[in-house]
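One structure is given below, encoded as structure tokens.
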Amino acid sequence: MKFSSVVLALLLSIGNMANAAWQVSEAESKVYFSSTKNETVFETHSISNVSGKWEKNGKLTVLMPISKVETGIEIRNQRLKDIVFKQNEYPSAIFTANVTPKKVKELKVGDSIEMETVGELTLAGKKQSLPIRFSVLRKSKSELDIKNIGNINVDAGNLGLGESIEKLKEIAKLNAISLNVPVTFEIKLVDMH
């Protein structure tokens with residue numbers, strides 16, 4: 001590789017790092033989603049190893065690896081990953097939004113602020129707009145804790161997952177699985193500077 005190419009690659013890398021003001025901590029971030037089967041059985045599941053970044057221009061990107069879906073039952077994990085989320089074609093669910101970082105930048109350690117935005121969830125190749133309310137706590141000079149306020153209601157039918165969930169219902173011999181999926185999250189952001 002020519003020296004000029006190496007320098008260009010290095011400069012691009014530095015530029016990308018400079019633009020990513022905050023990085024999602026994979027070890028300390030989780031997304032939770034709930035399911036209701038047979039109308040009365042309510043269960044909460046999780047996705048770990050969540051990654052992403054919040055850039056200086058306000059663009060927030062959160063990646064949720066489908067391989068890290070956990071329901072507490074291995075066969076159910078695999079069925080969700082393969083039948084509903086189609087992990088071989090779509091290895092991650094992606095949430096993107098624009099969140100102005102100015103107010104957060106002004107927070108002192110220990111202070112928090114409530115914010116709201118409308119983002120876009122991409123799951124199994126389909127997209128859905130989602131309004132979300134959340135709190136941001138400045139835990140330290142270099143750490144932010146972000147948690148949702150109230151459930152985020154994902155409509156699996158609007159995401160085109162109705163047939164997949166119907167198939168899952170038949171395999172599991174259930175009477176019903178709700179297409180309304182409440183989602184919550186706990187995200188830790190780490191300052192990249």
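Please treat every number below as a calculation from the coordinates, not as lab data. These figures come from a predicted structure and were not determined experimentally. As a convention, Cβ positions derive from the backbone with ideal geometry for all residues, glycine included, and neighbour counts pool all protein chains shown.
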- Query: Which angle from 0 to 90°, rounded to the nearest 10, does the C-alpha axis of helix 162-171 make with the longest principal axis of the chain?
  - Reply: 50
- Task: Please name which of PHE42, LEU121, GLY52 has its Cα lying farthest along the dipole of the chain towards the positive end, using unit charges on Cβ (Lys, Arg +1; Asp, Glu -1) and the Cα centre as origin.
- Result: GLY52
- Query: When mean projected area of the Cα convex hull in nm² is calculated directly from the model, which label among [x] 15.9; [y] 12.9; [z] 12.3 fits?
  - Reply: [y]
- Message: For the range 74-147, which GluC sites (Glu not before Pro) pass both filters: DSSP loop (anything but H, G, I, E, B) and at most 13 other C-beta atoms within 10 Å?
- Response: GLU89, GLU106
- Note on the structure: For the range 69-110, the dipole about the Cα centre with charges only on Cβ (Lys and Arg +1, Asp and Glu -1), to the nearest 20 debye, works out at 340
- Task: Specify the residue with the greatest mean-square fluctuation among ILE47, ILE171, ILE83, computed from a Gaussian network of the chain linking alpha-carbon atoms under 10 Å apart.
- Result: ILE171
- Item | Unit charges on C-beta of K, R, D, E only; dipole of the range 21-191, Debye | 340
- Message: Within the range 39-83, list the residues whose amide N lies under 19 Å from a label point set 7 Å along Cα→Cβ of LYS103.
- Response: 54-61
- Query: Taking only DSSP H segments of four or more residues, each worth -39500 (n - 2.57), what value at 222 nm results for the chain once the sum is divided by all its residues, to the nearest 500 deg cm²/dmol?
  - Reply: -5500 deg cm²/dmol
- Message: For the range 45-117, what is the number of Lys pairs with C-alpha distance below 22 angstrom, counting only pairs 8 or more positions apart or on separate chains?
- Response: 14
- Message: Output the 0 to 90 degree angle, nearest 10, between the alpha-carbon long axis of helix 3-19 and the longest principal axis computed from the alpha carbons of the chain.
- Response: 70
- Message: Under 8 Å for C-alpha pairs, at least 6 residues apart: give me the relative contact order for the chain, rounded to a whole percent.
- Response: 24
- Taking the dipole of the range 21-191 about the Cα centre (Lys, Arg +1; Asp, Glu -1; charges at Cβ), the one of ASN77, GLY160, VAL24 that reaches farthest to the positive side is VAL24
- Message: Considering just Cα atoms, how many Å³ per residue does the convex hull of the range 37-102 enclose?
- Response: 121
- Item | Gain upon complete extension [ALA27, ASP155; 0.36 nm per residue less C-alpha separation] | 43.3 nm
